[in-house]
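Colleague: I'd like to ask some things about the structure below.
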Amino acid sequence: MKKMFLAFLILIAITSLLSAQDAQTKRAFLTGEMAFNSKLYERAISYYSRAIDYFSRNTEGDYLEAYYKRGLANNLAAKYEDAIKDFDKCIENNYMVDEAKLKKELAQSELKKVVKNEAETDFGSGGSSEFTAKQFYDQGFKQYLSEDFEKALANFTSATEWNPSLADAYALKAKSNFALKNYNDVIKDCNKAIEKKDFLKDTDISDIFYTRGSAYNMLQKFEAALNDLNEAINANSKKGVFYTVRGSVKYNMDNKTGACEDWNLGSKNGDFINASKLLEEFCK
């Protein structure tokens, strides 16, 4: 009887310890969130790191949400190498794969600029229209990274006004408009980017079809959405989110079988979390 009672006390002690560690993890993460939202990125990095450390002490696996948020903070603190490592951790573990890949690409692009010691030039300093367009594009790119979509949109618009052939600016302008729920403008921007696809440097054409298809989906223009998502998948069959969104379009078109097939493909191609939720809810 004494042994049973002792075992019970030990169990209570262990449970209390785990609860305390879990509370530590949550507090650290939430403090990191507050710092991030206040644009105190160094402080946010410190607290996300603490959350990751606390989590690893009492749980198998990795605190992937904290890795992703720390990656965002590292990007905004110009710690691009650290950001790339954090996003790699997410990609390796199928967490926010498409978003992590995009943020990693942005970090790599910024890192290249640092390595090459590209000098920043103030706006309005003159020079060719292409050079001025690049200034606006680079500024918009940074604002897009920090999710300041309205300012990013303004700079991408200026970039395309200075250089109407800057196809990548139209592509990111479309993504900014999508974040702001300006879906008709998304379609116009994607049309321009596709029209000037021969000038694309940093954007895959599949992403443009995906963005336009997603906008059509939000406008409930499902046939147009399906056509664009088919184009996106034909151009790049390895992006899980393309299948996931196409599955949602098919579901909206009363094609449940096709939807479930696409969500299964989405799950297998990197969009595991989103696709799995849809499979669980609609394809039992």
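Values in this text are rule-based calculations from the coordinates and carry no lab data. Quick caveat: nothing in here was measured; it's all calculated off a predicted structure. With ideal geometry, Cβ positions are generated from the backbone for all residues, glycine too; neighbour counts draw on all protein chains shown.
Colleague: Highest mean first, what order results for 237-248, 173-184, 44-55 on Cβ atoms within 10 Å?
Modeller: 237-248, 44-55, 173-184
Colleague: Moving on to the next point. Work out how much length Asn37 to Glu280 would gain on full extension: take 0.36 nm times their residue separation and subtract the Cα-Cα distance, in nm to one decimal.
Modeller: Computed gain between Asn37 and Glu280 is 84.2 nm.
Colleague: Label-point separation (nm) for Asn191 and Ser237, each offset 7 Å from Cα along Cα-to-Cβ?
Modeller: Label at Asn191, label at Ser237, 3.2 nm between them.
Colleague: Neighbour counts of other C-beta atoms within 10 Å: give me Cys260, Cys90, Cys190 arranged from fewest to most.
Modeller: Cys260, Cys90, Cys190
Colleague: Right, next: I want the local charge near Ala35. Using Cβ-Cβ distances under 12 Å, sum +1 for each Lys or Arg and -1 for each Asp or Glu among the other residues.
Modeller: +3
Colleague: Over 32 Å between C-alpha atoms is what I'm after, so list which of Lys134/Lys277; Lys192/Lys284; Lys239/Lys284; Lys26/Lys250; Lys89/Lys192; Lys112/Lys238 land there.
Modeller: Lys134/Lys277; Lys192/Lys284; Lys26/Lys250; Lys89/Lys192
Colleague: Whole-Hz Karplus ³J(HN,Hα) for segment 33-43, in order, using 6.51 cos²θ - 1.76 cosθ + 1.60 and θ = phi - 60°, x for Gly and Pro?
Modeller: After applying 6.51 cos²θ - 1.76 cosθ + 1.60, I find 4, 4, 5, 4, 5, 8, 6, 9, 5, 4, 5 Hz.
Colleague: Mind checking the dipole of segment 129-282: about its Cα centre, +1 per Lys or Arg Cβ, -1 per Asp or Glu Cβ, Debye to the nearest 20?
Modeller: About 40 debye.
Colleague: I've got another one for you. Mind jotting down the distance between the C-alpha centroids of segment 218-284 and segment 33-79, whole Å?
Modeller: If you average the Cα positions of each part, the centres end up 31 Å apart.
Colleague: Taking the Cα-to-Cβ direction at Asp53 and at Lys256 and moving 7 Å from each Cα, how far apart do the two end points lie in nm?
Modeller: Between Asp53 and Lys256, the label points sit 5.1 nm apart.
Colleague: I would also like to ask the following. Quick one: net charge of Glu92's neighbours, Cβ under 12 Å, K/R +1, D/E -1?
Modeller: So the environment of Glu92 carries a net charge of +1.
Colleague: Using 7 Å Cα-to-Cβ label points, what is the Asp204/Glu147 separation (nm, one decimal)?
Modeller: Once both label points are built, they end up 2.3 nm from each other.
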